[in-house]
Amino acid sequence: HKKRMEDDSFDANDMDDEGSKPNKKFYVVSTGGYHLDHANFCPLLSDLEKLGVDIIPVNPIWVLTCASEETECDPAMYPLLFQPQTWPYRLLPPSNSASSATDGNPATAEEGRRFLISVTGFVDMSRYGIIQLLKSIGATYTDSLRAKNTHLICKEATGKKFIRALEWRMHVISVDWLYHVVRYGYKDGCEDMFTLDETRGPVKTMTAQNRRAFTKEVRLDCDKQNPPLSKSGEKKANERNV
């Protein structure tokens with residue numbers, strides 16, 4: 001993408017004599033975790049906006065997705081996937097050391113994974129963004145679905161993968177589960193809020209009151225175990241996450 005980035009670079013000399021605004025844009029990569037305010041965050045970005053340059057905030061998942069697919073997508077289409085949020089991403093808990101201990105065989109190691117996840121029903125750039133996000137928070141992604149998988153993320157409650165996942169009694173969930181986990185962290189049983197059923201789609205396994213109580217409990221529990229990153233620890237965490 002080097003040539004494209006060079007073509008999109010901005011020079012004040014590009015403006016014509018009448019001072020018309022240039023048709024330029026900058027992608028600003030941020031991990032999030034705080035409110036983005038161009039005026040306070042970076043005066044240069046504020047000055048560029050005044051000159052008519054579009055400042056487009058994106059997160060590392062957008063960068064990884066565009067690089068892996070060798071194309072560019074509009075981050076506004078899937079803001080939870082591709083745009084920085086005001087909260088930091090949470091990581092999935094690691095696999096149990098005892099269950100993941102192996103003799104060095106990759107197949108055996110994969111069977112010990114706690115989060116062995118496949119995806120179905122997503123056909124556009126959201127699919128690749130979901131895959132990159134799963135990998136970034138510590139999950140193992142598999143393109144094909146096998147009995148050893150632990151989770152299947154479905155766009156709709158239909159399809160061969162969906163039926164087979166039900167037969168294999170794995171967690172069959174909507175993508176909202178992933179968004180919930182990256183914001184509040186993972187807690188055993190949180191899949192129940194986002195389970196998909198063969199005939200009814202998302203299953204209402206909890207009442208609205210219980211759902212709110214569960215989400216509050218998850219948030220408080222995760223804040224104790226995984227407090228939001230400080231600015232001093234942000235760089236180290238980013239290297240671990242992405």
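The values are calculated or read from the model by the stated rules, or taken from the named source; none is laboratory data. Here the structure is a predicted model, which is why all the values come from computation and not from measurement. We place every Cβ from the backbone using ideal geometry, glycine too, and count neighbours over all the protein chains shown. We work out accessible area using only protein heavy atoms, side chains counted, and drop any ligands, DNA or RNA first. Shrake-Rupley method; radii C 1.70, N 1.55, O 1.52, S 1.80 Å.
Some observations on this one:
- Leu80 being open to solvent by 40 Å² or more (accessible area, probe 1.4 Å), closer than 30 Å to His180 by Cβ and at pLDDT below 65: no
- Annotation note: of Gly159, Gly138, Gly185, the sole residue that is of a type in the set (Gly, Ala, Ser), surrounded by 14 or more Cβ atoms within 10 Å (Cβ to Cβ) and either over 23 Å from the mean Cα position of the chain (by Cα) or modelled with pLDDT under 95 (or both) is Gly159.
- Among residues of the range 116-129, those that are in contact (Cβ under 8 Å) with a residue 12 or more places away in the chain, surrounded by fewer than 23 Cβ atoms within 10 Å (Cβ to Cβ) and either on the phi > 0 side of the Ramachandran plot or within 13 Å of the chain's Cα centre (by Cα) (or both), counted: 4
- Inside the range 156-185, residues that are within 14 Å of Ile117 (Cα to Cα), in contact (Cβ under 8 Å) with a residue 12 or more places away in the chain and part of a loop (DSSP other than H, G, I, E, B) make up a count of 3.
- Look at (1) outside any loop (DSSP other than H, G, I, E, B); (2) surrounded by 18 or more Cβ atoms within 10 Å (Cβ to Cβ); (3) modelled with pLDDT under 85 and you find that Trp62 fails only one, number (3).
- Qualifying residues in the range 65-77 (those that are buried (at least 17 other Cβ atoms within 10 Å of the Cβ) and part of a helix (DSSP H, G or I)) - the one nearest to the chain's Cα centre (by Cα): Thr65
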